[in-house]
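Data block below; observations after.
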Amino acid sequence: MPHNIRHHRRQSSSRFPKWGRTNNRGCLGGSGRVGKTSRTGKIGKGTLFLLTVVVLVAGGVAYATVEGKLPNWFSRTTVRTDLVTSPVKRGDLRISVIATGNLDSASNVTLSSNVQGQTKIISIVPEGTQAYEGMVLVKLDASVYQDNLDQQVIALKQAESLRDQAKDAVQIQQNLNDSEIATAQLELDLAALDLEKYELGDYPVLKTAAESKITLAKEKLAQSKDAYAFAKRQSKKGYVNQNDLEQKRVAVTTAELELQTAVLELVVLENFQYKRDIAEKKSQAEQTKSELVREQQKAEAALNQAKANYEACVLTAEVEKTKHDKLVEQIAECTIVAPQSGQVIYAVSDSRRSQERVIEEGATVDNRQAIIKLPDLSQMQVDTRIHESKIGLVQADMPAVIKVSRKSSRFHNGYVKSVASVPNSPSWRQPDLREYTAVIYIETDDSSAEGLKPGLTAEVEIISDVLHDVLKIPVQALVARNGKQFVFVNKVTGPEIRRVFAGATNDVETEVREIETPVADAKFPVGVTEGEEVILAPRTSLPELFTVLEDAEPEKAVKQSDVPGGKDRSGRSGARDGKASGKQSKGPGGKPSGKSPKKKPAGGAAGGAAAIFKTMDKNGDGVITKDEVAGGAMAAGFSKTDTNSDEKIDLAEFEVAMAAYAKKRGAGGGGGSQ
């Protein structure tokens with residue numbers, strides 16, 4: 001309980017006679033007689049007058065009770081001590097946002113196992129060791145990776161050898177291709193030269209020779225004919241004998257045959273031999289040209305094959321090299337060193353699916369499993385979550401006050417380091433809850449940083465503004481009705497309802513603005529003064545007087561469409577159609593209790609429940625949690641009101657409980673507690 005809230009003990013006063021005391025409702029109590037009757041049954045004039053005075057006084061007291069106060073001439077001389085009250089104070093009001101979170105290092109390093117698969121811890125430094133940068137903290141089992149590395153070295157050497165051989169084969173194939181292509185090119189050039197030689201050399205020579213032979217044959221034939229003619233003339237004269245003449249004739253015939261042969265040889269040369277030889281030479285040239293193309297294609301294919309084999313060997317060598325390097329890296333990962341200075345803290349697995357794994361020598365760790373946290377304890381921060389209704393009050397660089405432990409009286413100064421621009425993902429239990437992460441940096445030195453450990457729970461007060469010299473009261477004393485604020489003041493004349501105008505609030509205290517201008521529509525006294533005692537939670541501690549406020553300020557009807565979360569998860573309507581709101585309350589046995597029911601506007605039951613629900617729903621998320629009613633009268637019956645056992649009360653469940661409470665009050669005369 002806050003120190004500024006006074007819980008007075010019940011005291012008794014013997015200064016007044018029993019007939020002058022009042023009960024809790026501000027009415028006269030006691031059972032003393034107010035007059036006598038004569039033995040004969042007749043009432044005297046004095047007795048009748050005294051009875052009339054008592055009736056008038058009782059009526060005045062009843063009227064004063066309805067109005068919320070008693071006249072000073074018939075009042076208490078001591079305040080009620082059975083109520084929880086708090087004084088109205090004047091002073092500075094710090095507008096702040098209260099949040100809780102966990103301590104963490106602003107420079108936090110988590111060292112995890114980067115070894116593939118599972119491995120065992122060979123050695124680890126003790127928890128709490130002050131590590132320095134480069135210090136060996138953990139050694140993991142690397143024997144399996146060392147054996148694999150030895151085999152991988154051999155595979156890598158073989159792959160590199162095949163790669164080098166394939167590279168040489170490519171060069172050899174390139175040289176062979178160049179040689180074969182050069183030979184085919186030479187044959188093509190020679191065939192072209194032979195064709196040109198035949199067309200421009202051999203054939204003209206042969207043709208000239210044939211033509212010369214014909215010419216010689218013609219000359220020889222002419223000579224033979226001349227000699228034969230001369231011999232014939234000489235034979236007639238008797239100078240040439242017959243044998244010589246015959247020889248000359250045979251010579252003419254021989255010359256004629258030789259001429260015919262020479263002519264036929266020229267015809268054969270021009271019409272047959274030349275065509276054959278030129279076709280053969282051209283065909284040979286074309287064949288050598290095609291051979292060159294074939295050699296080029298064959299060389300290209302062979303070279304491509306050699307290059308592909310080389311590339312395959314290169315890739316194989318690279319794969320083996322990657323395996324080799326990975327094994328070397330895995331062996332190196334088996335030794336974990338500190339990247340910065342800090343205190344060694346063993347990481348604890350928070351997996352919900354498996355049992356908690358202990359970090360120790362011989363323990364098995366998985367890949368990416370956290371082993372050690374190395375926080376820099378000189379730089380600490382608090383990770384908090386701010387509700388969406390308060391996030392508008394929080395900005396970066398705002399000052400903050402941090403209290404690490406509830407039992408500790410030490411506070412730390414800090415500031416808002418960062419505020420998330422988007423809300424966190426809602427949980428399945430509260431899908432409508434929107435919270436933003438805010439990081440609060442703690443300003444510490446070597447002395448103040450002592451005792452700050454990661455994971456500790458911290459309470460943070462983010463200071464948004466400071467109001468000076470204002471009246472302030474606890475938020476538990478404020479009651480809202482129809483957009484108006486009221487408080488219940490504990491006076492010597494009895495509890496009194498006051499109309500107030502609330503200002504800024506920090507969820508603990510609320511500013512009460514001082515209004516100098518008279519309020520036209522005020523049904524109760526306006527304002528409070530410093531030192532007056534306001535009653536906390538008047539709804540539960542003063543149910544009868546609270547009914548006076550409800551009658552004076554009835555809640556306006558709330559439409560079903562205007563009620564947040566008008567239907568719960570089961571599809572039930574959030575309102576109860578105002579059942580029992582217009583019926584006369586009955587006492588035991590179903591008879592009228594003798595009290596006239598208070599008339600309320602249509603929908604007043606549902607509307608009043610919705611308004612009360614909205615007041616108790618402090619964070620405005622549409623449900624009431626145990627934290628929001630902690631310390632109040634509703635905390636004891638929370639589980640009974642939570643009919644679906646989801647650890648929160650929605651509007652439908654609240655209205656059912658309120659209806660049951662109203663029915664109980666009607667049946668029991670209104671003396672029950674909420």
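The values are calculated or read from the model by the stated rules, or taken from the named source; none is laboratory data. No experiment lies behind these values; they were computed from the predicted model shown. Cβ: placed from backbone, ideal geometry, glycine included. Neighbour counts: every protein chain shown.
What the table below lists for this structure:
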{"item": "Among (1) in a loop (DSSP other than H, G, I, E, B); (2) more than 30 Å from Leu103 (Cα to Cα), the one test that Gly451 misses", "result": "(2)"}
{"item": "Every residue from the range 497-554 that is of a type in the set (A, V, I, L, M) and at positive phi", "result": "Ala537"}
{"item": "Exclusive hit being assigned to a loop (DSSP other than H, G, I, E, B) and out of contact with any strand residue (DSSP E or B) (no Cβ under 6 Å at 6 or more places or on another chain), set Gly91, Gly134, Gly128", "result": "Gly128"}
{"item": "Only one of Ala169, Ala255 that is modelled with pLDDT of 85 or more, under 60 Å from the mean Cα position of the chain (by Cα), in the same structural domain as Ala299 (by TED's automatic domain parsing) and more than 30 Å from Ala285 (Cα to Cα)", "result": "Ala169"}
{"item": "Residues that are touching a residue at least 60 places away in the same chain (Cβ under 8 Å) and among the charged types (D, E, K, R), drawn from the range 321-350", "result": "Lys321, Lys323, Glu333"}
{"item": "Residue satisfying all of: in the range 475-489; among the polar types (S, T, N, Q) and not in a strand (DSSP E or B); farthest from the chain's Cα centre (by Cα) among these", "result": "Asn482"}
{"item": "Residue count for the range 105-124, restricted to those that are at negative phi and either buried (at least 21 other Cβ atoms within 10 Å of the Cβ) or not in a strand (DSSP E or B) (or both)", "result": "10"}
{"item": "Enumeration of residues in the range 174-213 that are without any contact (Cβ under 8 Å) to a residue 40 or more places away in the chain, farther than 30 Å from Ala306 by Cβ and not small (Gly, Ala, Ser)", "result": "Leu193, Glu196, Lys197, Leu200, Pro204, Val205, Thr208"}
{"item": "Flag if Glu265 is under 21 Å from Thr183 (Cα atoms), touching a residue at least 12 places away in the same chain (Cβ under 8 Å) and surrounded by 13 or more Cβ atoms within 10 Å (Cβ to Cβ)", "result": "no"}
{"item": "The range 305-320 residues that are closer than 21 Å to Leu149 by Cβ, paired with ones that are at pLDDT below 95 (beta carbon under 6 Å, 6 or more apart)", "result": "Thr316/Ala159; Ala317/Ala159; Ala317/Glu160; Ala317/Arg163; Glu320/Ala155; Glu320/Leu156; Glu320/Ala159"}
{"item": "Residue within the range 217-227 that is assigned by TED's automatic domain parsing to the domain that holds Thr261, touching a residue at least 40 places away in the same chain (Cβ under 8 Å) and within 25 Å of Glu280 (Cβ to Cβ) present", "result": "no"}
{"item": "Whichever residue in the range 644-674 is under 16 Å from Arg429 (Cα atoms) and at pLDDT 80 or above and, among such residues, is surrounded by the fewest Cβ atoms within 10 Å (Cβ to Cβ)", "result": "Glu647"}
{"item": "Qualifying residue in the range 530-538 (condition: among the small types (Gly, Ala, Ser), modelled with pLDDT of 90 or more, more than 40 Å from the chain's Cα centre (by Cα) and exposed (fewer than 15 other Cβ atoms within 10 Å of the Cβ))", "result": "yes"}
{"item": "Residue match in the range 138-152 (condition: in a loop (DSSP other than H, G, I, E, B) and surrounded by 13 or more Cβ atoms within 10 Å (Cβ to Cβ))", "result": "yes"}
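So that you can scan it fast, the table gives a plain yes or no per residue for (1) part of a loop (DSSP other than H, G, I, E, B); (2) surrounded by fewer than 20 Cβ atoms within 10 Å (Cβ to Cβ); (3) within 39 Å of the chain's Cα centre (by Cα); (4) of a type in the set (A, V, I, L, M, F, W, C):
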residue: Pro423; (1), (2), (3), (4): yes, yes, yes, no
residue: Pro431; (1), (2), (3), (4): yes, yes, yes, no
residue: Tyr436; (1), (2), (3), (4): no, yes, yes, no
residue: Tyr441; (1), (2), (3), (4): no, yes, yes, no
residue: Thr444; (1), (2), (3), (4): yes, yes, yes, no
residue: Gly455; (1), (2), (3), (4): yes, yes, yes, no
residue: Val460; (1), (2), (3), (4): no, no, yes, yes
residue: Asp469; (1), (2), (3), (4): no, yes, no, no
residue: Ile473; (1), (2), (3), (4): no, no, no, yes
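Residue-by-condition table, conditions (1) hydroxyl-bearing (Ser, Thr, Tyr); (2) exposed (fewer than 14 other Cβ atoms within 10 Å of the Cβ); (3) assigned to a helix (DSSP H, G or I):
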site	(1), (2), (3)
Glu160	no, no, yes
Asn175	no, yes, yes
Asp178	no, yes, yes
Ala184	no, no, yes
Glu187	no, no, yes
Lys197	no, yes, yes
Tyr203	yes, no, yes
Lys220	no, no, yes
Ser235	yes, no, yes
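Residue-wise test of (1) in the same structural domain as Lys453 (by TED's automatic domain parsing); (2) surrounded by fewer than 17 Cβ atoms within 10 Å (Cβ to Cβ); (3) farther than 30 Å from Ile124 by Cα.
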| site | (1), (2), (3) |
| --- | --- |
| Thr288 | no, no, yes |
| Lys298 | no, yes, yes |
| Ala308 | no, yes, yes |
| Glu318 | no, yes, yes |
| Lys321 | no, yes, yes |
| Ser341 | no, yes, no |
| Ile345 | no, no, no |
| Gly362 | no, yes, no |
| Asn367 | no, yes, no |
